[in-house]
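Trainee: Quick one: this structure, given as structure tokens, is what I'll be asking you about.
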Amino acid sequence: MAEEERHAADSAPESVQCPVCLKTFTQFTINRHLDVCLLGETVNYSTIKAEESASPAVKRARTEDTAVLQVPQVPQVPQVLHSTAPHSTAPSSTAPSSPAPSSPASSMFALFQPNKNRSPVPSGKLFNKLNSANPLSKGVKRGLVEEPGQNLENAGKTKEMCQTSAQTSAQTPAEAPKDLRRTLFTLDKPLAEILRPKSLEEYFGQNKVVGEHTLLRSLLDTQEIPSLILWGPPGCGKTTLAHIIACSSKKKGTSRFVTLSATSTSTNEVREVIKQAHNELRLCKRKTILFIDEIHRFNKSQQDTFLPHVENGTVTLIGATTENPSFQVNAALLSRCRVLVLEKLSVEAMSSILQRAVESLGITVTEAAPDKLTPPKDPVIYIQQQALDTIAYLCDGDARTGLNSLQLAVQAQVSLAQSQGLRGGAAEVVVVNEGHVKEGLQRSHILYDKAGEEHYNCISALHKSMRGSHESASLYWLGRMLEGGEDPLYVARRLVRFASEDVGLADPLALPQAVSAFQACHFIGMPECEVILAQCVVYLAQAPKSVDVYKAYNNVKACLRNHKGPLPPVPLHLRNAPTKLMKQLGYAKGYKYNPAFSAPVEQEYLPRELRDINFFTWTPSE
């Protein structure tokens, strides 16, 4: 008998450890368990037990009708079914027909089988309780059941509790209990991260890109996601759109989603992720979507790492950048991706985002003044509509700035109300008004990058506004640059150029005015020199314009660059003759000294090939 048991142990299938939860399984059941750990699918563990008991030659077919259980922010808790509960009255349709072994270690499923170097776990103890801690701030823990006769009953309760926990965690903050709403303001995450949309229905402000009848919307619905470069200003929804794609991929189980940041990721880490993506595609036939935040932070050689893998489809690349991809992304990589331009959020879109936020947090929007509000029975938070409108206008289309400003204003007033309540004051009503919001924002959030595209956009707008003699527009673009932190000397240098290029001889005093402004800015600096720049900008905008000198010199450059053959020599009569030999060669011979004549002098000053050319009227085509 001992010999037979030893032979059976030697022929038993080799155990494999799950790399996710570190549990031990047989090589025939590890794939089914990976569906639980990686995809969040529910599975009947009695089926796994039956498959373990079956012959190794029988291959298990993967089923597609398993339900998907998504538990955001909560660790996956496997359902537990005991195979030999002594007091069980609920038979399993998938249980094996052969009687269960009497060994205590084998009376449990492979999910709880100990490793070979560990002691057996008593069959009377089962992990099937959930900790009642707040799932938003702590992980779910499992306790021990002391009564072995209630294993199946407790397993059923475990399943119900897990599903209830998943439903509670998946609820929006508006459906959460009031105590959870209060704790939202005490979490470490910013409000913009807590309320990040999970679906396109909650995604506002980018209808041109992901609207109902757009190409990208249809591709997302069919899970045919191409490689993308998301380009837009901060807070417009680039990262959120990537997370929505991730949520959709996880629900349908069609792709694996990996997130990296170019600010903290090395090239070796990228190669490791690509290697895992290759193995995932080869073994599991599942694609990998690789999201790179701030992709412009990668240099050209680092970006070249993605080229062959994006080309052959090993990874689907989604890059997010605030810089112009024409300058910051390799042309070869850019040709393999579709560029989506996300616009700055409008005031209407920001109002919708803020309205969703206050509804989710249980904050009441009111038009009434604080002294006219009726004290409620329970503590309540009010926010005036004017305060929400102020955030929508002052956040400059940045949803992250708007939501975090709302959180800051509400947190400050709630803390103040709590302190007043501790002192015995009336703190039943918390009201957030426009003043509280402005205090948190301090000033308008101005989008301006001194080294990025917005820098060139604004200086171009300033130059063209002065050229068009529009004083108000010129002052506006000057203010956008200076308030955004632009170097005043850079602006002054551009004004000096404008004075000669666009004003020119129409007002010869424009150039001295611009040079004086540059010197004054160099002496004084900001912020005192801003009025000096404003004076020069208005002067140049009002001055008459002439581009004759600018055009004539451009014609000269075109003539020199397009000339065929050697350039013509300087005429002899225009050359100096400081030596006797040069005089003998004819240098300066026949030159007429103009001041020696009372009338205009007829004399040629251009080479013979260019005579009769007037560069003020001549065009390069001639």
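Trainee: Do we find that Glu193 is within 21 Å of Thr321 (Cα to Cα), part of a helix (DSSP H, G or I) and acidic (Asp, Glu) in this structure? Steps first, answer last, please.
Mentor: Details: within 21 Å of Thr321 (Cα to Cα): yes; part of a helix (DSSP H, G or I): yes; acidic (Asp, Glu): yes.
Yes: the conditions hold for Glu193.
Trainee: Ok, one more. Tyr539 fails exactly one of the following numbered conditions: (1) on the phi > 0 side of the Ramachandran plot; (2) buried (at least 18 other Cβ atoms within 10 Å of the Cβ). What is the number of that condition?
Mentor: It fails just one condition, (1).
Trainee: Return the pair list, or none, for Cβ contacts closer than 6 Å from residues in the stretch 383-397 that are within 12 Å of Lys344 (Cα to Cα) to residues that are part of a loop (DSSP other than H, G, I, E, B) and modelled with pLDDT of 85 or more, at least 6 apart or on different chains.
Mentor: That search, which allows pairs on different chains as well, returns Gly397/Lys344; Gly397/Leu345.
Trainee: Val531 fails exactly one of the following numbered conditions: (1) under 30 Å from Trp477 (Cα atoms); (2) open to solvent by 60 Å² or more (accessible area, probe 1.4 Å); (3) not assigned by the TED database to the domain that holds Lys464. What is the number of that condition?
Mentor: Val531 satisfies all of (1) under 30 Å from Trp477 (Cα atoms); (2) open to solvent by 60 Å² or more (accessible area, probe 1.4 Å); (3) not assigned by the TED database to the domain that holds Lys464 except (3).
Trainee: Still on this model: Looking only at the stretch 448-461, decide whether some residue is outside the structural domain of Trp231 (by the TED database), more than 30 Å from Thr401 (Cβ to Cβ), of a type outside the set (Gly, Ala, Ser) and surrounded by 17 or more Cβ atoms within 10 Å (Cβ to Cβ).
Mentor: Looking through the stretch 448-461, none of the residues is outside the structural domain of Trp231 (by the TED database), more than 30 Å from Thr401 (Cβ to Cβ), of a type outside the set (Gly, Ala, Ser) and surrounded by 17 or more Cβ atoms within 10 Å (Cβ to Cβ).
Trainee: Using the structure shown, decide if Ile353 is modelled with pLDDT of 90 or more, in the same structural domain as Val210 (by the TED database) and either of a type in the set (A, V, I, L, M) or not in a strand (DSSP E or B) (or both).
Mentor: Details: modelled with pLDDT of 90 or more: yes; in the same structural domain as Val210 (by the TED database): no; either of a type in the set (A, V, I, L, M) or not in a strand (DSSP E or B) (or both): yes.
Spelling it out, it is not the case that Ile353 is modelled with pLDDT of 90 or more, in the same structural domain as Val210 (by the TED database) and either of a type in the set (A, V, I, L, M) or not in a strand (DSSP E or B) (or both).
Trainee: While we're on this one: Looking for whichever is under 30 Å from Glu483 (Cα atoms) and in a helix (DSSP H, G or I) here; the options are Ala541, Ala552, Ala558. Which one fits? Spell out how you get there, then give the answer.
Mentor: On the way: Ala552 fails: under 30 Å from Glu483 (Cα atoms); Ala558 fails: under 30 Å from Glu483 (Cα atoms).
None of the other options fit; the residue is Ala541.
Trainee: Report the residue count in the stretch 592-614 for those that are within 60 Å of the chain's Cα centre (by Cα) and more than 18 Å from Lys564 (Cβ to Cβ). Quick ask: steps written out before the conclusion?
Mentor: Taking the stretch 592-614 and keeping what is within 60 Å of the chain's Cα centre (by Cα), we get 610, 613-614.
Restricting the remaining residues to those that are more than 18 Å from Lys564 (Cβ to Cβ) gives 614.
The number of residues fulfilling the criteria is 1.
Trainee: Right, here's the next one. Filter the stretch 286-317 down to residues that are within 19 Å of Ser248 (Cβ to Cβ) and charged (D, E, K, R) and give me whichever is most open to solvent (accessible area, probe 1.4 Å).
Mentor: Out of the qualifying residues, it is Lys287.
Trainee: Give the stretch 416-442 a look and list any residue that's modelled with pLDDT of 80 or more and assigned to a loop (DSSP other than H, G, I, E, B), or say none.
Mentor: If the condition is that a residue be modelled with pLDDT of 80 or more and assigned to a loop (DSSP other than H, G, I, E, B), then Asn433 is the only one that fits.
Trainee: Would you confirm whether or not the stretch 443-453 contains a residue that is under 17 Å from Met350 (Cα atoms), modelled with pLDDT under 80 and either of a type outside the set (A, V, I, L, M) or part of a helix (DSSP H, G or I) (or both)? Break it down stepwise before answering.
Mentor: Our first condition is that a residue be under 17 Å from Met350 (Cα atoms); within the stretch 443-453, this holds for 444-447.
If we keep only those that are modelled with pLDDT under 80 as well, we get 444-447.
Next cut, either of a type outside the set (A, V, I, L, M) or part of a helix (DSSP H, G or I) (or both) only: 444-445.
Yes: one or more hits.
Trainee: Same structure again: Mind checking which residues of the stretch 302-328 are in a helix (DSSP H, G or I) and acidic (Asp, Glu)?
Mentor: Applying the first criterion (in a helix (DSSP H, G or I)) to the stretch 302-328 yields 302-311, 325-328.
Passing the criteria: Asp304, Glu311.
Trainee: When you check Lys564 against the structure, is it open to solvent by 100 Å² or more (accessible area, probe 1.4 Å) and part of a helix (DSSP H, G or I), yes or no? Lay out the reasoning, then the answer.
Mentor: Values: open to solvent by 100 Å² or more (accessible area, probe 1.4 Å): yes; part of a helix (DSSP H, G or I): no.
So Lys564 does not fit the description; no.
Trainee: While we're looking at this one, here's another question. Is at least one residue of the stretch 219-230 of a type in the set (A, V, I, L, M), modelled with pLDDT under 90 and more than 19 Å from the chain's Cα centre (by Cα)?
Mentor: Yes; the residues of the stretch 219-230 include at least one that is of a type in the set (A, V, I, L, M), modelled with pLDDT under 90 and more than 19 Å from the chain's Cα centre (by Cα).
Trainee: Is there a residue in the stretch 235-243 that is farther than 29 Å from Ser405 by Cα and open to solvent by less than 30 Å² (accessible area, probe 1.4 Å)? Walk me through it before giving the result.
Mentor: Of all residues in the stretch 235-243, those farther than 29 Å from Ser405 by Cα come to none.
There is no residue in the stretch 235-243 that is farther than 29 Å from Ser405 by Cα and open to solvent by less than 30 Å² (accessible area, probe 1.4 Å).
Trainee: Can you tell me which of Leu187, Leu216 is at pLDDT below 85, in the same structural domain as Ala331 (by the TED database) and in contact with a helix residue (DSSP H, G or I) (Cβ under 9 Å, 6 or more places away or on another chain)?
Mentor: Values: Leu187 fails: in the same structural domain as Ala331 (by the TED database).
Within the list Leu187, Leu216, the selection yields Leu216.
The values are calculated or read from the model by the stated rules, or taken from the named source; none is laboratory data. Keep in mind it's a predicted model, so treat the numbers as computed, not measured. Heads up, the Cβs are rebuilt from the backbone with ideal geometry, glycines too, and the neighbour counts pull from every protein chain shown. Side chains included, ligands, DNA and RNA excluded: accessible areas come from the protein's heavy atoms. Shrake-Rupley method; radii C 1.70, N 1.55, O 1.52, S 1.80 Å.
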